[in-house]
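Read through the structure below, which is laid out as structure tokens, and then see the notes.
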Amino acid sequence: MDTLVQTLPQKKELLPQQYRMPAEWEPHAGVWFSWPRPDGISFPAKYEPIPQTYAKLIRELLKSEEVHINVWNNQMACDVRDILAGLGVVSDKIFFHPFPAYEPWCRDHGPIFVVKDVDNQRHRAVVDWDYNAWGGKYPPYDSDDQVPVHVAHYRNLPLFQPKMILEGGSIDVNGCGTLLTTRSCLLNPNRNPNLTQTQIEAKLKKYLGVRHILWLEEGIVGDDTDGHIDDITRFISPDTVVTVVEENKEDENYEILQRNLELLRIMKDQEGAPLKIIELPMPDPVFYEGERLPASYANFYIANHAVLVPTYRSDKDAKALDILRSCFPGRDVVGIDSTDLIWGLGSFHCITQQEPKGW
């Protein structure tokens, strides 16, 4: 078990606005997970197959980066190590940390790392946004909210606390100054009712090093996060996004995604240039116990040498993978079945949080 560093550095640090949030395709030191609890609320009556999905994902990630797993306690660490070993995943690049979280959505409650390059040295820091489980939907969440603090202590990094609720899945950046988000999430009164759009933008600019913010409208049906961007539109390079579209005009996602597509077509990047747009299909609808789930191919994770894409046993899987292979010619694009995981209302991007490499 890793030792928890108890104090943050006391030396004078760079100001938060001197840092920037790097794009996901920039080099990673590792990736962070919060392991799901069998008695958690994310996978009611369907926890049993979930570790197998995690194992497949972690096996691919270990080919290019460290894997850090937050666990509830030492016993969970032992249990998870045994589960992974039983599924053939054993590595000295897997690290367990006693940083408890009620639920596994590390993208949203985990640390957001920012970087600043000065004199051929990369300074890193952690931004600790407040977390309220998507507008107070799933209490308790006090432990989840503390994960970024634990990680900053562990890495001995400066910790910035904007005092604003923000989930990692609600934003996407190109690393050059532009941030994508949705009005339905960030402007929802269940997040920051006392902040205006202008004040929210000011916080994003100060703590993430962006200067240009693009607002889409709504997220996909079944998304209990009120419309996270990582289910609909993602940067794949500084000037290009992939965005999901629904081909069936009778589907309830059709109009929502067409509206977002129309907005993207008139948007520009931080330099004033139009965005390049690549359309990605939506999978066939996925239901469980009569509930439509937020299945989307946009919820992929960009690793150092691969792109891990959720698939859904759909005829659209192959088409989506082919499109993404054309988007990432230098990486292996790997499809992994996420049909069981999506019952928790999230997929690969939702359960991961990248840690940029330092030097």
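The single residue among ALA45, ALA55, ALA29 that is modelled with pLDDT of 95 or more, out of contact with any Cys (no Cβ under 9 Å at 6 or more places or on another chain), farther than 22 Å from LYS357 by Cα and among the aliphatic types (A, V, I, L, M) turns out to be ALA55. Of all residues in segment 221-233, those that are of a type outside the set (D, E, K, R), surrounded by 21 or more Cβ atoms within 10 Å (Cβ to Cβ) and over 18 Å from PRO22 (Cα atoms) total 4.
Run down ALA320, ALA295 and say which single residue is outside any loop (DSSP other than H, G, I, E, B), in contact with a strand residue (DSSP E or B) (Cβ under 9 Å, 6 or more places away or on another chain), crowded, with 20+ Cβ neighbours inside 10 Å and of a type in the set (Gly, Ala, Ser). Step through it out loud before you land on a result.
Working: ALA295 fails: outside any loop (DSSP other than H, G, I, E, B).
Sole residue among the options that is outside any loop (DSSP other than H, G, I, E, B), in contact with a strand residue (DSSP E or B) (Cβ under 9 Å, 6 or more places away or on another chain), crowded, with 20+ Cβ neighbours inside 10 Å and of a type in the set (Gly, Ala, Ser): ALA320.
Beta carbons closer than 8 Å, at least 6 apart along the sequence or on distinct chains, pair a first residue in segment 250-266 that is assigned to a helix (DSSP H, G or I) with a second that is surrounded by 15 or more Cβ atoms within 10 Å (Cβ to Cβ) and of a type in the set (Ser, Thr, Tyr) for LEU257/THR243; ASN260/THR233; ASN260/THR243; LEU261/THR243; LEU264/THR233; LEU264/THR243. Considering the conditions (1) modelled with pLDDT of 95 or more; (2) over 24 Å from ASN190 (Cβ atoms); (3) not in a loop (DSSP other than H, G, I, E, B), ASP117 is excluded by exactly one of them, (1). Of all residues in segment 35-74, those that are within 19 Å of the chain's Cα centre (by Cα) and of a type in the set (S, T, N, Q) total 4. Cβ-Cβ distances below 7 Å connect the following pairs, each with a first residue in segment 158-187 that is within 13 Å of VAL127 (Cβ to Cβ), a second residue that is at pLDDT below 95, and a separation of six or more residues or different chains: PRO158/LEU8; PRO158/PRO9; PRO158/GLU13; LEU159/LEU8; PHE160/PRO16. Of the residues making up segment 47-61, just one is among the acidic types (Asp, Glu) and within 12 Å of TYR301 (Cβ to Cβ), namely GLU60. Residue count for segment 162-197, restricted to those that are surrounded by fewer than 23 Cβ atoms within 10 Å (Cβ to Cβ) and small (Gly, Ala, Ser): 3.
Of the candidates LEU308, LEU257, LEU275, the single residue that is crowded, with 18+ Cβ neighbours inside 10 Å, closer than 24 Å to LEU57 by Cβ and modelled with pLDDT of 95 or more is LEU308.
Looking at ARG331, ARG313, just one residue is surrounded by fewer than 20 Cβ atoms within 10 Å (Cβ to Cβ) and on the phi > 0 side of the Ramachandran plot, and that residue is ARG313. If we keep just the residues of segment 198-220 that are free of Cβ contacts under 8 Å to residues at least 12 places away in the same chain and not aliphatic (A, V, I, L, M), which is surrounded by the fewest Cβ atoms within 10 Å (Cβ to Cβ)? Filtering segment 198-220 for residues that are free of Cβ contacts under 8 Å to residues at least 12 places away in the same chain and not aliphatic (A, V, I, L, M), the one surrounded by the fewest Cβ atoms within 10 Å (Cβ to Cβ) comes out as THR198. Within segment 181-200, the set of residues being more than 25 Å from LEU261 (Cα to Cα) and polar (S, T, N, Q) comprises ASN190, ASN192, ASN194, THR196, GLN199. Counting residues in segment 281-289 that are at pLDDT 95 or above, part of a strand (DSSP E or B) and under 23 Å from VAL221 (Cβ atoms) gives one or more.
Is it true that some residue in segment 90-106 is polar (S, T, N, Q) and in contact with a Ser or Thr (Cβ under 9 Å, 6 or more places away or on another chain)? Within segment 90-106, not a single residue is polar (S, T, N, Q) and in contact with a Ser or Thr (Cβ under 9 Å, 6 or more places away or on another chain).
Of the residues that make up segment 73-92, is at least one outside any helix (DSSP H, G or I) and in contact with a Gly (Cβ under 9 Å, 6 or more places away or on another chain)?
No, segment 73-92 contains no residue that is outside any helix (DSSP H, G or I) and in contact with a Gly (Cβ under 9 Å, 6 or more places away or on another chain).
The values are calculated or read from the model by the stated rules, or taken from the named source; none is laboratory data. Computed from a prediction, not measured in an experiment: that's the story for all the values here. A quick note on method: Cβ atoms are made from the backbone with ideal geometry, for glycine too, and the neighbour counts reach across all protein chains shown.
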